[in-house]
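**Student:** Just dropping this structure here.
Just so you know, all these numbers are worked out from the coordinates, no wet-lab data involved. Source: prediction; values computed, not measured. As a convention, Cβ positions derive from the backbone with ideal geometry for all residues, glycine included, and neighbour counts pool all protein chains shown.
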Amino acid sequence: MARNIEIKARIDSVERVALIAAKLADSGPIEIAQDDTFFRCDNNADRLKLRTFAPDRAELIFYRRANSSGPKESFYLISPTTTPDALRESLTLAWGQAGRVRKQRRLFIVGRTRVHLDRVEGLGEFLELEVVLKDGEPAEVGTAEAHALMAQLGIASEQLVQGAYVDLLQAA
């Protein structure tokens, strides 16, 4: 399975952080509308979501990561699909839905890190960093990169949040 180091933080303004990210970025911004349907999983560290981009384009994403704030290792597997509605219905019947998250994402690439600036319906504005790890690379290397990029973007440790957006929506 692929791995990355992730952080999620509340931010005061996507526009403010985007100005900084644009100066650091190798590419972007790319605007992406995402509709994520989460399905029930037995293990609370596991997530299964269907990320829909268009009626004929989506990805089924399984991932496993700790529900803690700060940089954390995530293992993931992505399976593209061209029939998201049928897949959503099948998974809902089999497992049940755990929630739905709709967001507008602005993506920048800084080195090997995906910088996501998200406007999440019902929650507000967030930053997510995903430092993609090489096979066999120690997680600590990605964690150090995440901390360095957080500092460059002006993200303080007090802004970090744990869990997925679906968890935050359920707690709201």
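**Student:** Which net charge results when you count Lys and Arg as +1 and Asp and Glu as -1 among the other residues whose beta-carbon is under 9 Å from that of residue 132?
**Tutor:** That sum, taken over residues with Cβ under 9 Å, equals +3.
**Student:** Sequence gap at least 6, Cα distance under 8 Å: using those rules, report the relative contact order of the chain to the nearest whole percent.
**Tutor:** Reported relative contact order: 33 percent.
**Student:** Another question about this same structure. Gaussian network model of the chain, Cα springs within a sub-10 Å range: biggest mean-square fluctuation belongs to which of 18, 58, 94?
**Tutor:** Highest fluctuation of the listed residues: 94.
**Student:** So, one more: First check a/c for region 19-76, with a ≥ b ≥ c the square roots of the eigenvalues of its C-alpha gyration tensor; if it is under 1.5, answer rounded, and if not, answer prolate when a/b is larger than b/c or oblate otherwise.
**Tutor:** oblate
**Student:** Also: Could you check which residue among 11, 30, 109 shows the biggest mean-square fluctuation in a GNM of the chain with a 10 Å Cα cutoff?
**Tutor:** Judging by the Gaussian network model, the answer is 30.
**Student:** So for 17, 131, fewest C-beta neighbours within 10 Å to most, what's the order?
**Tutor:** 17, 131
**Student:** Follow-up question, since we're still on this one. Under 5 Å between amide hydrogens, which residues at least 5 positions from residue 58 or on another chain qualify, with H placed 1.01 Å from N in the peptide plane?
**Tutor:** 53, 81
**Student:** Rounded to whole Hz and in sequence order, give me ³J(HN,Hα) for region 81-96 from the Karplus expression 6.51 cos²θ - 1.76 cosθ + 1.60, θ = phi - 60°, writing x for Gly and Pro.
**Tutor:** 9, 10, 10, x, 5, 5, 5, 4, 5, 4, 5, 5, 5, 6, 10, x
**Student:** Count the net charge of all other residues whose Cβ sits under 12 Å from the Cβ of residue 169, scoring Lys and Arg as +1 and Asp and Glu as -1.
**Tutor:** So the environment of residue 169 carries a net charge of 0.
**Student:** In whole Hz, what ³J(HN,Hα) sequence does region 156-163 give by Karplus (6.51, -1.76, 1.60; θ = phi - 60°), x for Gly and Pro?
**Tutor:** 8, 4, 5, 7, 5, 10, 10, x
**Student:** Tell me which residues come under 5 Å, amide H to amide H, from residue 98 once H is placed; ignore anything under 5 positions away on its chain.
**Tutor:** Close amide H contacts, sequence-distant or interchain: 38, 39, 40.
**Student:** Could you list 52, 83 so that the one with the fewest beta carbons within 10 Å of its beta carbon is first and the one with the most is last?
**Tutor:** 83, 52
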